[in-house]
Amino acid sequence: MKRFLVLLIIGGMGIFLMDYCGIRKSEPVTGKVFVPANDQIAHGEQLFMMHCQKCHPGGEGGVGIAINPVPVPQFVKRFQVRHGLGVMPSFKKDEISKSDLKDISKYMKAWNHYKKAK
């Protein structure tokens, strides 16, 4: 079972990288400004800007791949942050704690809903 889960995660990441590597999938943000719905999402936004924004500006492709349009579950994205893959560095628990990582995930979900609603 554990082996199957590891193969499933690795396969998902492979599909993720092949389909979305460095391609911008959406238009620049215009109009209404994103306002975090709660403190957890606001904290996640701050952490995203500190750790992720430089490679994934606004969740789009930059130095890293586009992460917004990818229909991969958040736990897979958290796994990749924790373990790294390809050119993406890994972030250890003393750099981004488990609760901080969940806040980043909540921010990314809120950001995606905001962009889809526009």
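The values are calculated or read from the model by the stated rules, or taken from the named source; none is laboratory data. Since we're looking at a predicted model, the values are computed, not measured. Virtual Cβ from ideal backbone geometry, glycine too; neighbours counted across all protein chains shown. Ligands, DNA and RNA are stripped out before the accessible areas are found, and what is left, the full protein with its side chains, is counted by its heavy atoms. Shrake-Rupley method; radii C 1.70, N 1.55, O 1.52, S 1.80 Å.
Checking the cross-link pairs K32/K93; K2/K93; K32/K92; K32/K102; K2/K109 against a 32 Å limit on the alpha carbon distance flags K32/K93; K32/K92 as lying beyond it. Shape annotation for the chain: C-alpha extents along the principal axes are 45, 30, 25 Å, from largest to smallest. Compared with the dominant principal axis of the Cα atoms in the chain, helix 2-20 is inclined by about 50°.
Among the protein heavy atoms of the chain, carbon and sulfur supply 64% of the accessible surface, probe 1.4 Å, non-protein parts ignored.
Summing +1 for each Lys or Arg and -1 for each Asp or Glu among the other residues whose beta-carbon sits under 13 angstrom from that of A37 gives -1. Distance between the pseudo-spin-label points of N38 and S90 (7 Å out from Cα toward the beta carbon): 3.1 nm.
With coordinates expressed along the principal axes, the C-alpha atoms belonging to segment 75-118 extend over 34, 24, 14 Å, beginning with the largest.
For the chain, take the longest principal axis of its alpha carbons; what is the angle in degrees between that and the long axis of helix 98-117, to the nearest 10 within 0 to 90? Roughly 60 degrees between the two axes.
Starting from 0.36 nm per residue, how many nanometres of slack lie between K98 and N112 once their C-alpha separation is accounted for?
Fully extending the segment from K98 to N112 adds 2.9 nm.
The mean accessible area for residues of the chain, using a 1.4 Å probe and ignoring ligands and nucleic acids, is 65 Å² per residue.
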